[in-house]
1. Might you report the magnitude of the Cβ-based charge dipole of the chain about its Cα centre, with Lys and Arg at +1 and Asp and Glu at -1, to the nearest 20 debye?
2. For the chain, what does -39500 (n - 2.57) per DSSP helix run (n ≥ 4), summed and divided by total residues, give at 222 nm, in deg cm²/dmol to the nearest 500?
3. Carbon and sulfur together cover what percent of the accessible area of the chain at a 1.4 Å probe radius?
4. Quick one: if the Förster radius is 41 Å, what FRET efficiency do MET53 and LYS17 give, using the C-beta to C-beta distance and rounding to 0.05?
Amino acid sequence: MVLARSARFLTRTVLVKNNDIDKSYNLLQGALNNDGVMKEERDRRRFIRPTEMRKQLSYDRCKRIYNSEMNRKLKFLMCKNRVDPCPR
């Protein structure tokens, strides 16, 4: 059980080169932030009421939908071989 919870931490390894701890620490922080480990840890520090949790889940869902739609629109706008809708 303990090993299962710590598996995420065991998979992240950062090498320290030339005793440059600050750079290695920043790399580790970035990796943990990308995995969402830091957010999960902050969330576990206090009790979240069920209404707050539902609100946050709804917000995250809306944000995901918005971001996917925006990425789709940007991908379309970046296409170079599409027909001009307003010829002059």
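The values are calculated or read from the model by the stated rules, or taken from the named source; none is laboratory data. Since this is a predicted model, take the numbers as computed values, not measurements. A quick note on method: Cβ atoms are made from the backbone with ideal geometry, for glycine too, and the neighbour counts reach across all protein chains shown. Quick note on the areas: whole protein, heavy atoms, side chains included, nothing else; ligands and nucleic acids left out. Shrake-Rupley method; radii C 1.70, N 1.55, O 1.52, S 1.80 Å.
1. For the chain, the charge dipole is close to 400 debye.
2. Details: 4 runs with 61 residues, N = 88.
After summing the helix terms and dividing by the residues of the chain, the value is -23000 deg cm²/dmol.
3. With neighbouring chains kept in place, the figure for the chain is 58 percent.
4. On the way: r = 42 Å, r/R0 = 1.02.
Calculated transfer efficiency: 0.45.
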